[in-house]
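The values are calculated or read from the model by the stated rules, or taken from the named source; none is laboratory data. Because the structure is a prediction, the values reported are computed rather than measured. Using ideal geometry, Cβ is built from the backbone for each residue, glycine included, and neighbour counts are taken over all protein chains shown. For the accessible areas, the whole protein counts, side chains as well, though only heavy atoms, and no ligand, DNA or RNA atoms are used. Shrake-Rupley method; radii C 1.70, N 1.55, O 1.52, S 1.80 Å.
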Amino acid sequence: MTAVAEKLARLMGLSRQERVFIQVAGYLHDPGKLSTPREILEKAGPLTPEEYSILKKHPYYTFQLLSRIETFQSIVPWASFHHEGLRGDGYPFHLTGEEIPLGSRIIQAADVFTALLEDRPYRKGMSIGEVRSILPEMVKDEQLDGRVIGMLDKNIEEINAAREQSQREILKSFLSMEVDKIEE
Ligand SMILES: [Fe+2]
């Protein structure tokens, strides 16, 4: 998702330094999930209301964790507000409109776009066409920012190519680490 967030940030005209911050926020948006039990993260079916309320705490823990690190101050909201909705119906802070900065909206859009395309334990990944039809609905529901999603839609091929490329790179470096381990 970081590659998608970086591309979106570039298209939205963010400065070079802001784009570096977006990448850091992208990499560090979900460490709060360490607080979520694995049975919940990997559950193959729908979550119970109790399980969902535990899962919904993860951005709060991300916020707590990153807030302790002085140099991360500017990226804390970008990393931690990625499940807020523009009408206050997101979590965990129930922020609304202007309280959610552009950086957070970019991370949100990148997170949703990537999540919908990828396989999850409880469903198969969607096609680009399906994702393309769902995103405007989420804008209508004020879950995602219309300008950011408009930009994503206009450049969807290029953004998806960046996503696939970064997945390949991650896989390649993971496999080379495994080869190194075998050779040791
Ligand atoms: Fe998350």
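Averaged per residue, what accessible area in Å² does the chain show with a 1.4 Å probe, protein chains only?
Value for the chain: 58 Å² per residue.
Cβ-Cβ distance of N155 and S67, R₀ of 25 Å, FRET efficiency by 1/(1 + (r/R0)^6): the value works out to about 0.15.
Note the full-extension length gain between S53 and E99 as 0.36 nm times their separation in residues minus their Cα-Cα distance, in nm to one decimal. Intermediate values should be presented prior to the final figure.
Values: separation 46, 0.36 × 46 = 16.56 nm, distance 2.27 nm.
Between S53 and E99, full extension yields an extra 14.3 nm.
Residue ranges 73-85, 149-161, 165-177, 129-141 sort as 73-85, 149-161, 129-141, 165-177 when ordered by packing (mean number of other C-beta atoms within 10 Å per residue, highest first).
For the residue pairs K33/K124; K43/K124; K7/K154; K7/K57, the alpha carbons lie more than 23 Å apart in K7/K57.
Counting Lys and Arg as +1 and Asp and Glu as -1 over every other residue whose Cβ lies under 14 Å from the Cβ of D153, the net charge comes to 0.
FRET efficiency for L34 and Y122, Cβ-Cβ distance as r, R0 = 25 Å, nearest 0.05? Let's see the in-between values first.
On the way: r = 21 Å, r/R0 = 0.82.
Calculated value: 0.75.
With the contact rule set at Cα under 8 Å and sequence spacing of 6 or more, what percent relative contact order holds for segment 13-75?
Normalised by residue count, the contact order of segment 13-75 is 43 percent.
Taking a sphere under 15 Å around the Cβ of T36 and counting the other residues whose Cβ falls inside, with K and R at +1 and D and E at -1, yields a net charge of +1. Taking the protein heavy atoms of segment 110-181 in the context of the full set of protein chains, the accessible area attributed to carbon and sulfur is 56 percent at 1.4 Å. Here each label is just a point 7 Å from Cα along the line to Cβ, and for E164 and Y27 those points are 2.6 nm apart. Taken over the alpha carbons of the chain as equal point scatterers, the Debye sum produces base-10 log I(q)/I(0) values at 0.15, 0.16 Å⁻¹ of -0.95, -1.08.
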